[in-house]
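S.K.: Before I ask anything, let me first share the structure, which is written out below as structure tokens.
The values are calculated or read from the model by the stated rules, or taken from the named source; none is laboratory data. Because the structure is a prediction, the values reported are computed rather than measured. When we count neighbours, we look across all protein chains shown, and the Cβ atoms used for this are built from the backbone with ideal geometry, even at glycine.
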Amino acid sequence: MKYIKQINTYIPSDDQEENDKKIILDYINVFGDNVLTRENEVAHITSSGFILNKALNKTLMIHHNIYKTWAWTGGHADGDSDLLEIAIKEANEETGLKNIIPLNNEISTIDIIPVWGHIKNGKYVSTHLHLNISYILIGDENENLIVNEAETSGIKWINIDEIETHSNEPQLKEIYFKLIEKAKKSIGDLK
């Protein structure tokens, strides 16, 4: 499958990603495409989009109803193996932006993210892991934003130097900062 090849060819940027990549590939080897569905209740593939403006000085974040914090966009694969398409689709659904483009078509980070038990749609969801593949997306800050009230209670552009005051998830903040640096490096490489 294409997603396995993309994960295999991704070059980790640090020890954490190296370890997470190995574990994710080992998990896929054991469970196959079942990792693309929530039927795998222990760990499953998710895809996130870290949306930046064209100047790379603001990120578009949603206020997540379950986690009660400002966060990136993203969602479950739900059987789909085109992880970039999932990241873009989720970004569209969660922000209302129609003209989101990837900075490039490559995976930006690989992370195993713990999700603590919570209630969703009146049903308890047990603690599990998101085998997360993320992409850097570019959005137009002049485009109209639409709050997806089923999942979020707000949406706004945040200066990248203010992320720490908006997010209360330390592990995700580390990922956000890594994505910002990768975006700046990618733009520098294109010049």
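S.K.: Could you list, in sequence order, all residues of the range 1-44 that are aromatic (Phe, Trp, Tyr) and either exposed (fewer than 13 other Cβ atoms within 10 Å of the Cβ) or under 22 Å from Ile175 (Cα atoms) (or both)?
M.R.: Listed by number, the residues that qualify are Tyr3, Tyr10, Tyr27.
Yes/no per residue for (1) under 30 Å from Lys5 (Cα atoms); (2) in contact with a strand residue (DSSP E or B) (Cβ under 8 Å, 6 or more places away or on another chain); (3) β-branched (Val, Ile, Thr):
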residue	(1), (2), (3)
Asn104	yes, yes, no
Asp111	yes, yes, no
Gly117	no, yes, no
Thr127	yes, yes, yes
Asn142	no, no, no
Glu151	no, yes, no
Glu174	yes, no, no
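S.K.: What is the residue count in the range 75-113 for residues that are under 22 Å from Glu17 (Cα atoms), free of Cβ contacts under 8 Å to residues at least 60 places away in the same chain and among the polar types (S, T, N, Q)?
M.R.: Residues flagged as under 22 Å from Glu17 (Cα atoms), free of Cβ contacts under 8 Å to residues at least 60 places away in the same chain and among the polar types (S, T, N, Q) within the range 75-113 amount to 1.
S.K.: Could you check the range 116-162 and list, in sequence order, the residues that are part of a strand (DSSP E or B), at pLDDT 95 or above, aliphatic (A, V, I, L, M) and farther than 17 Å from Thr95 by Cα?
M.R.: Leu129, Leu131, Ile133
Yes or no, residue by residue, for (1) among the polar types (S, T, N, Q); (2) closer than 18 Å to Glu162 by Cα; (3) part of a loop (DSSP other than H, G, I, E, B):
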residue	(1), (2), (3)
Asp26	no, no, no
Asn29	yes, no, no
Asp33	no, no, no
Glu39	no, no, yes
Leu56	no, yes, yes
Thr59	yes, yes, no
Gly75	no, no, no
Gly79	no, no, yes
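S.K.: Same structure, new question: Which residue pairs have Cβ atoms under 7 Å apart, sit 6 or more places apart or on different chains, and have a first residue in the range 136-151 that is closer than 16 Å to Trp72 by Cα and a second that is among the charged types (D, E, K, R)?
M.R.: The qualifying pairs are Ile136/Lys182; Ile138/Lys54; Glu141/Lys58; Asn148/Glu93; Asn148/Glu94; Glu151/Glu94.
S.K.: With the structure loaded, tell me whether Glu94 is touching a strand residue (DSSP E or B) at 6+ places or on another chain (Cβ under 9 Å) and not in a strand (DSSP E or B) or whether it fails that test.
M.R.: Yes; evaluated as a whole, the condition is true for this residue.
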